[in-house]
Amino acid sequence: MEKLEYVWLDGYKPTPSLRSKVKIDDVVGLWSFDGSSTQQATGDKSDCILNPVGEYHTIDRIRADATRTGDGLGGTYVMCEVLSADHEPHPSNTRTHCLELISSEWWFGFEQEYFMYKDGRPLGWPEKGKPRAQGDFYCGVGADNVIGREIVDRHTEACMNANIGITGTNAEVALGQWEYQVLGSGVSAGDDMWMSRYILMKIAEKHGVSIDFSPKPQKGDWNGSGMHTNFSNAQMRDLGSQSYFEACCKLLGSKHKEAIKEYGADNDQRLTGKHETQSIKKFSYGVSDRGASIRIPIITVDNNWNGYLEDRRPSANADPYRVMKHIVETIDGSNTGLVRY
Ligand code: MG
């Protein structure tokens, strides 16, 4: 028998939360839950269905470690989409819109920023007042400069063990703020991203710490949290040109308002034009420009316009499925006029 931890997104708006429950079984299959407790059904028709779409088998190393520490991380994590009782995709199921649209030709590299919170304030912040100004914390080391690394290290290892494509992590600009990056292809890039968030929140629980994904948890001269989304298709990687990349940027600019609707709630508090952001009211793109909506990495230009783009607008609380859908639909949709080779 296996410990199967089913994970899904609830129906809360504008930002869904992760939910989970554990089943001891040796078969991964459909399961049901009470949708009336997750804003996905009414009490008289409460059953919703969990349809497994991704399995994350933690390998022996973590299982052994989990046994030793009793931290409960071992087992199989099962990412699920939610179906209504009639087995049709539930209205809250944003993944389903990606299925026919996004092939594994599309690569997504998400940069997930977040704050750790404890006792109603960012981890390490004094009970009264604020920490000293930002400056020392980014990629810092030492107890004066960073806090929460134990959670970060554990999370990194857990993602590696679960075969989530985590590619790195770093302390961020504000004290108690961190980032990690996840690379994936096709729809499963979104599955991996959601599962990585789940694992992070679960590990943080052990420390009495909660994870805050909101775009601007602390008002004032403190960085917000984004989910910069790097992306490419085969043409961008291998048959790129300046004109193709600029056409992609212009298309994204033509759908800026639509993008903001898909890129996370309260993002206006973060996209102010300060703290390495472009204002939410403007769209711009530029080579190496971290104050732009879209950055064209210098490595793309140096590689004779082969590479990727970075959409800097998505906020940390964005639904990766919605971000992916918007990007692919905008660039690859039937009416874009963009010629693909
Ligand atoms: Mg960052």
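The values are calculated or read from the model by the stated rules, or taken from the named source; none is laboratory data. This one's a predicted model, so the numbers in the text were calculated from it and none came from an experiment. In this analysis, Cβ positions are derived from the backbone assuming ideal geometry, glycine residues included, and neighbour counts consider all displayed protein chains. The area values use the complete protein model at the heavy-atom level, side chains included, leaving out ligands, DNA and RNA. Shrake-Rupley method; radii C 1.70, N 1.55, O 1.52, S 1.80 Å.
Structure summary
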{"item": "Of the trypsin sites (Lys or Arg not before Pro) in the range 98-185, those whose Cβ has at most 16 other Cβ within 10 Å and which sit in DSSP loop", "result": "128, 132"}
{"item": "Whole-percent pair-distance distribution, where bins are 5 Å wide, for the alpha carbons of the range 2-96", "result": "3, 13, 23, 21, 16, 11, 7, 5, 1"}
{"item": "Residue-averaged 222 nm ellipticity for the chain, from DSSP H runs of 4+ at -39500 (n - 2.57), nearest 500", "result": "-7500 deg cm²/dmol"}
{"item": "Exposed-loop-free span, longest in the chain, where GluC sites (Glu not before Pro) count as exposed if DSSP calls them loop and at most 13 other C-beta atoms lie within 10 Å", "result": "128-341"}
{"item": "Local electrostatic count, residue 223, Cβ distance below 11 Å [Lys/Arg +1, Asp/Glu -1]", "result": "-2"}
{"item": "Under 19 Å from residue 206, Cα to Cα: aspartates and glutamates that are on another chain or at least 8 residues apart", "result": "5, 65, 71, 119, 150, 153, 157"}
{"item": "Fraction of accessible area attributable to carbon and sulfur, the chain (%, probe 1.4 Å)", "result": "49 percent"}
{"item": "Radius 14 Å from Cβ of residue 121, net charge of other residues (Lys, Arg +1; Asp, Glu -1)", "result": "+1"}
{"item": "Pairwise label distance in nanometres, residue 32 with residue 269, each label 7 Å out on the Cα-Cβ vector", "result": "3.9 nm"}
{"item": "Entries of 13/118; 21/45; 21/257; 13/325; 118/282 with Cα pairs more than 29 Å apart", "result": "21/257; 118/282"}
{"item": "Global form of the chain, assessed from the alpha-carbon gyration tensor, a/c cut-off 1.5", "result": "oblate"}
